[in-house]
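See structure below.
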Amino acid sequence: MAKTWIFPDIHGCRKTLESLFKQIRPSKEDHLIFLGDYIDRGPDSKGTIDFVMNLQDEKYQVTPLIGNHEQYFVEAYYEARNRKKGWFSKKPPKFKAWMEHGGKEALESFGVKDLRKIPPEYIDWIEKCQYYLELDEYVVVHAGLNFHIDDPFQDKHSMLWIKEFDIFPEKIGNRKIIHGHTPVSHEFIAEVVESDRYDFIDLDNGIYMPDRQGYGNLMAFEVNSKQLIVQPNLEEE
């Protein structure tokens with residue numbers, strides 16, 4: 001039986017992602033869903049996107065979702081492209097915001113200082129990422145949904161940015177939400193996965209925080225068996 005694996009925020013931790021894949025050894029019949037935030041903070045944003053792109057090239061069943069860090073990246077990219085000549089010494093606002101949230105490491109991974117030199121295929125790939133995915137028992141999204149409107153699927157901003165939200169399952173077909181974006185402890189993730197008391201599963205364990213107790217792991221969640229695979233951060237080895 002084909003499996004459905006969900007991977008939360010990777011944040012440029014390509015080595016850790018590769019090691020996680022060696023643990024689970026997915027088949028090409030499995031469905032691989034990524035929750036976004038492939039980039040920033042970790043050392044290899046480019047390599048992380050390359051890894052997912054290669055899975056697609058090799059005909060794995062991949063659904064990549066977009067995260068808020070990809071939105072930062074794309075907005076800063078177009079801001080840089082649209083700048084007038086003579087403005088290069090200034091720091092445009094979107095670029096500055098991206099730098100403050102891990103963009104510096106991402107830019108270094110591409111080996112460029114000028115955002116306009118990022119190969120356009122990476123921007124094209126990000127722009128094709130979905131905002132959410134509906135499964136039989138779950139709605140999968142990067143950050144969450146805004147249930148204070150009639151149709152939570154209309155608010156794309158919340159899908160990338162929302163931190164705290166009340167869930168009204170009847171608005172999404174009585175399904176649970178699986179999301180990332182907001183780091184929570186390994187202990188809490190395990191509790192939520194094993195319990196029926198929650199209307200959500202947050203899989204983000206803060207891969208970029210290996211020095212914080214209970215954090216710093218990359219997770220893989222298989223939705224049919226509710227199996228949770230844990231890979232500690234390997235980037236500093």
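The values are calculated or read from the model by the stated rules, or taken from the named source; none is laboratory data. The model shown is predicted, which means the values in this text are computed figures rather than measured ones. Neighbour counts run over all protein chains shown; Cβ positions are idealised from the backbone, glycine included. We work out accessible area using only protein heavy atoms, side chains counted, and drop any ligands, DNA or RNA first. Shrake-Rupley method; radii C 1.70, N 1.55, O 1.52, S 1.80 Å.
Here is a list: K3, K28, K22, K59. Which entry is farther than 20 Å from I126 by Cβ, in contact with a Pro (Cβ under 8 Å, 6 or more places away or on another chain) and either touching a residue at least 12 places away in the same chain (Cβ under 8 Å) or open to solvent by 10 Å² or more (accessible area, probe 1.4 Å) (or both)?
K3
List, please: which pairs have Cβ atoms under 7 Å, are six or more places apart or on different chains, and start with a residue in the stretch 120-139 that is under 22 Å from K3 (Cβ atoms) and hydroxyl-bearing (S, T, Y) and end with one that is open to solvent by 30 Å² or more (accessible area, probe 1.4 Å) and assigned to a loop (DSSP other than H, G, I, E, B)?
Filtered contacts from the stretch 120-139: Y138/R175.
Suppose we filter the stretch 89-105 for residues that are closer than 13 Å to K46 by Cα and either among the charged types (D, E, K, R) or modelled with pLDDT of 95 or more (or both); how many remain?
Count: 2.
Which residues, taken from the stretch 175-189, are within 19 Å of F34 (Cα to Cα), more than 17 Å from the chain's Cα centre (by Cα) and among the hydrophobic types (A, V, I, L, M, F, W, C)?
none
On the basis of being modelled with pLDDT of 95 or more, outside any helix (DSSP H, G or I) and either open to solvent by less than 10 Å² (accessible area, probe 1.4 Å) or farther than 21 Å from V52 by Cβ (or both), does I126 make the cut?
no
The rows are residues; the columns are (1) of a type in the set (S, T, Y); (2) touching an Asp or Glu at 6+ places or on another chain (Cβ under 7 Å); (3) outside any helix (DSSP H, G or I); (4) open to solvent by 50 Å² or more (accessible area, probe 1.4 Å).
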residue: V139; (1), (2), (3), (4): no, no, yes, no
residue: F153; (1), (2), (3), (4): no, no, no, no
residue: L160; (1), (2), (3), (4): no, no, no, no
residue: E164; (1), (2), (3), (4): no, no, yes, yes
residue: I167; (1), (2), (3), (4): no, yes, yes, no
residue: E170; (1), (2), (3), (4): no, no, no, yes
residue: N174; (1), (2), (3), (4): no, no, yes, yes
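For E121, are the conditions met, namely being at pLDDT 95 or above, among the charged types (D, E, K, R) and more than 26 Å from N217 (Cα to Cα)?
Criteria met by E121.
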